[in-house]
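Student: For reference, the structure I am asking about is given below.
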Amino acid sequence: MELKGIDYFPFSINFFEDNKIALLEAEFGSDGVVVILKLLSRIYRGGYYCHWEDDDCLLFARKAMDGMAAETVRAIVAKAVERGLFDRESFERHAILTSVEIQEQFFTVAARRKRVLSNGMDYLLIDLSKYKSVRVKEFPQPKAEMDAKSSDLPEQSKGKAKKGKKSKEHSLAPLDSGECGREQWVVWKEELLADEDWRASAVRQAGQGVGFNDLLPGKIDEFCDFLVSTGEKKSAGTKNNFVRRFHYWLSYHGVKEAAGGPGTKTSRMSKFEEMNRVGDKSLEKAKRILAGQCC
């Protein structure tokens, strides 16, 4: 039997007891859980991973989540990556959602068939040697998509392809080579800063008030320095990837200082910490009242 992806996946009775899921539910309500479940269904339907870029997020929010704000979906996925529900390196480098657990589940179910159609073997995190009964066959791409990819390849690569050599590169070729990148990043920076909707979205994501809008130019410069210093320039070779990587960087590296000015630290308190702070203030107030009554 040969099917694309798998038609079911095991659901653990401890799913909702997992701290990673519980924290998502505490932060985003039931929406956080529903997003993860629907993403898992999407992943297994095609294989062991799914692509996840801005357009994927927008379409998922509109179709799968009945018009939920894309910013909310993006925030849920970012937290899921941070907490290990999806593999961080796969997300940052390849813009895909997968994990060791997802891949193990997929190939465990697939092993019950003689052959399974999957979405390629380029992003494996596990050793397939223990799944000896599985023979993976990539499902064919539509001709239009194959032609589009072929047109994006440099002439030298096209020549090699004609000789029968397969190219493993599935993304667009970098816009520049070697030490390039910054010149193109400056162009994208200007385009983003001129887009009022994008700026508003970035300010909302930062969660530090409208004053953060004035910090955006400097934050983009910091992000570009981050790409260079970490050797991740190639991961921002297209505008979509540049924007995606910036939003991810902004969530985990770019909001260490508050919009009120340099040197002002910001840290989001957990619900428990907020309750403790409120309790401390109430206790202090009660002490003052009692002291006044005793005098």
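The values are calculated or read from the model by the stated rules, or taken from the named source; none is laboratory data. From a predicted model like this one, the values you see are computed outputs, not experimental measurements. All Cβ positions, glycine included, derive from the backbone under ideal geometry; neighbour counts span all protein chains shown. The protein model used for the area step is the full one, side chains on, heavy atoms only, and it has no ligands, DNA or RNA in it. Shrake-Rupley method; radii C 1.70, N 1.55, O 1.52, S 1.80 Å.
Student: Would you list 65, 121 from the most to the least accessible area, probe 1.4 Å?
Tutor: Listed by decreasing accessible area, they come as 121, 65.
Student: What three numbers, in Å, describe the spread of the alpha carbons of the range 202-254 along their principal axes, ordered from the longest?
Tutor: Principal axes ranked by extent give 32, 19, 17 Å for the Cα atoms.
Student: With the crude spin-label approximation of a point 7 Å out along Cα→Cβ, what separation in nm comes out for residue 288 versus residue 122?
Tutor: 6.3
Student: If you don't mind, another one. Given a Förster radius of 30 Å and the C-beta distance between residue 198 and residue 68 as r, what FRET efficiency does 1/(1 + (r/R0)^6) yield to the nearest 0.05?
Tutor: It comes out at approximately 0.95.
Student: Work out, step by step, the length gained on full extension between residue 38 and residue 89: first 0.36 nm times the residue separation, then minus their alpha carbon distance; give nm to one decimal.
Tutor: So the chain would gain 16.2 nm between residue 38 and residue 89.
Student: Taking H as built 1.01 Å from N, whose amide H comes closer than 5 Å to the amide H of residue 50, not counting residues under 5 places away?
Tutor: Here 97 satisfy the definition.
Student: What is the extension gain from residue 8 to residue 108, computed as 0.36 nm multiplied by their sequence separation minus the C-alpha to C-alpha distance, in nm to one decimal?
Tutor: 34.9 nm
Student: Right, something else. With all protein chains present and a 1.4 Å probe, how do 220, 289 order by accessible area, largest first?
Tutor: 289, 220
Student: What nm value, rounded to one decimal, do you get for the distance between residue 51 and residue 225 when each label is placed 7 Å out toward the C-beta?
Tutor: A separation of 3.4 nm, rounded to one decimal place.
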